[in-house]
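The values are calculated or read from the model by the stated rules, or taken from the named source; none is laboratory data. Bear in mind that the values here come from a model prediction, so they are computed numbers and not experimental data. Here the Cβ positions follow ideal geometry from the backbone for every residue, glycine too, while neighbour counts run over all protein chains shown. Side chains included, ligands, DNA and RNA excluded: accessible areas come from the protein's heavy atoms. Shrake-Rupley method; radii C 1.70, N 1.55, O 1.52, S 1.80 Å.
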Amino acid sequence: MNIESSDDLAVSRRSLLSAAVVGAMGTLGGVLPRSAHASPIVLPPLPYGESALDPVISANTLSFHYGKHHMAYVTNLNKLVAGTEFADLPLEKIVQATAGKSDKLAVFNNAAQAWNHTFYWNSLRPAGAGEPPAKLKQLMESSFGSVDACKKELATAATAQFGSGWAWLILDDGKLKVIRTANADTPLTSAARPLLTIDVWEHAYYLDYQNRRADYVNAVLDKLVNWEFAAQNIG
Ligand code: MN
């Protein structure tokens, strides 16, 4: 899957491994402990400051959502994969290798949530929305009729998702589609290409909007949605 964040994650993993090796050499005189060979998944930095999406999404929400929820998925994943066949795999491969396997559900859930959240942060930007880049706009028009119709599909999917989950804009066989997934499920495990997502777990909006999910979704689509990121993911 050709996704910008894949490279970021890979770089982060390498950086962390290097830091671990340097740290180990510094304290152990160049003798590497076995643990230095592990490559933990790291929490990528937010692409903006915690208050950058205010007032649509408050710094308080981002602090908990990124600093607690997203971090917990990464921390739990590293605990679950330590010493297993997944320990040295990139995040995307862990998601794909555990999808649909009932005995690997905890690994899948934490890995997919770690990946989905990084994709979500990049799906938003301060002073977002506006006119989509030309190639994305053309696909929106050929697939939905107009940019507004595409936004309406996304809003409907995001508000209609029953319980926790995600709304996605995907590219499937040359055509844009809007889908929704429950809990940790992700189009990363399908043949389609994810372009953009909106998190509709309650932790994404409850501090700011309480039960008014539609207000959160519409504000994201009108003010924060990162069409440039979606266009980059078309490839
Ligand atoms: Mn979330």
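Is it true that F108 is assigned to a helix (DSSP H, G or I), open to solvent by 60 Å² or more (accessible area, probe 1.4 Å) and touching a helix residue (DSSP H, G or I) at 6+ places or on another chain (Cβ under 8 Å)? For F108, the condition - assigned to a helix (DSSP H, G or I), open to solvent by 60 Å² or more (accessible area, probe 1.4 Å) and touching a helix residue (DSSP H, G or I) at 6+ places or on another chain (Cβ under 8 Å) - is not met. Here the condition is being closer than 20 Å to D54 by Cβ and of a type in the set (A, V, I, L, M); of I170, I179, I198, I234, it holds for I198 alone. One residue stands out in the range 111-132 among those that are assigned to a helix (DSSP H, G or I) and in contact with a Leu (Cβ under 6 Å, 6 or more places away or on another chain): the one that is farthest from the ligand (Cβ to nearest atom), namely A111.
In the list A214, A191, which residue meets the criterion of being surrounded by fewer than 22 Cβ atoms within 10 Å (Cβ to Cβ) and without any contact (Cβ under 8 Å) to a residue 40 or more places away in the chain? Being surrounded by fewer than 22 Cβ atoms within 10 Å (Cβ to Cβ) and without any contact (Cβ under 8 Å) to a residue 40 or more places away in the chain holds for just one of A214, A191, which is A191. When V147, V200, V225, V178 are checked against the criterion of being modelled with pLDDT of 95 or more, within 13 Å of the ligand (Cβ to nearest atom) and outside the structural domain of E92 (by TED's automatic domain parsing), a single residue qualifies: V200. Total residues in the range 203-222 satisfying the condition of being among the aliphatic types (A, V, I, L, M) and within 15 Å of the ligand (Cβ to nearest atom): the figure is 4.
If you go through the range 135-156 and pick out every residue that is under 26 Å from A52 (Cα atoms) and either of a type in the set (A, V, I, L, M, F, W, C) or not in a helix (DSSP H, G or I) (or both), you end up with 5. Answer yes or no as to whether I57 is more than 15 Å from the ligand (Cβ to nearest atom) and buried (at least 17 other Cβ atoms within 10 Å of the Cβ). Criteria not met by I57. Restricting the search to the range 60-79, which residues are of a type in the set (S, T, Y) and either open to solvent by 70 Å² or more (accessible area, probe 1.4 Å) or touching a residue at least 40 places away in the same chain (Cβ under 8 Å) (or both)? Matches in the range 60-79: T61, Y66, Y73.
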